[in-house]
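A short worksheet on the structure shown next.
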Amino acid sequence: MRCAEEVGVASISEDTVAHLNEKVEDAKRLMFNVGWVRELFDCLKTRWQAWRSFGLIIERLRLEVDTAEKDVHILNLKMKSEHAEMVKAGIDAGKARDAHNEGEKNLSRLQDVLKESEEKFAKLTSTDPER
């Protein structure tokens, strides 16, 4: 550091030195405050980024839930469709069973008619004198 004579000042009063020292201390405090504010800003920036990331995660989860709800809705519709097909198949099976039972009744009647016809034919073709 250059002395006062080199810079052209013959003498510096003690008040001036004290005043300059005070300014140096103020500058140090200001630098400390600036550093502290910078750290606070970095911290807040980091927290904001964390909250933003958290918000993105929440949004991604919300989208996954929406997709899952849609998948459940589609599965529900498929189950209703399959249930309707099963009911229709049950109705068709019931109709087929009823038709089968009706067919068996008709077959039984036809067998009875055939038996009667055979008996009548046997009587007609027999050589029995009682006829």
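Listed here are the residues, each with its yes/no results for (1) among the aliphatic types (A, V, I, L, M); (2) exposed (fewer than 10 other Cβ atoms within 10 Å of the Cβ); (3) outside any helix (DSSP H, G or I).
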residue	(1), (2), (3)
A68	yes, no, no
G90	no, no, no
K95	no, no, no
N101	no, no, no
T127	no, yes, yes
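Among the conditions (1) at pLDDT 85 or above; (2) surrounded by fewer than 10 Cβ atoms within 10 Å (Cβ to Cβ); (3) not aromatic (F, W, Y), R2 misses just one, which is (1). The residue that is modelled with the highest pLDDT, counting only those in the range 5-53 that are of a type outside the set (S, T, N, Q) and assigned to a loop (DSSP other than H, G, I, E, B), is I12.
The values are calculated or read from the model by the stated rules, or taken from the named source; none is laboratory data. Values in this document were obtained by computation on a predicted structure and should not be read as measured data. Here the Cβ is made from the backbone with ideal geometry for all residues, glycine too, and neighbour counts use every protein chain on show.
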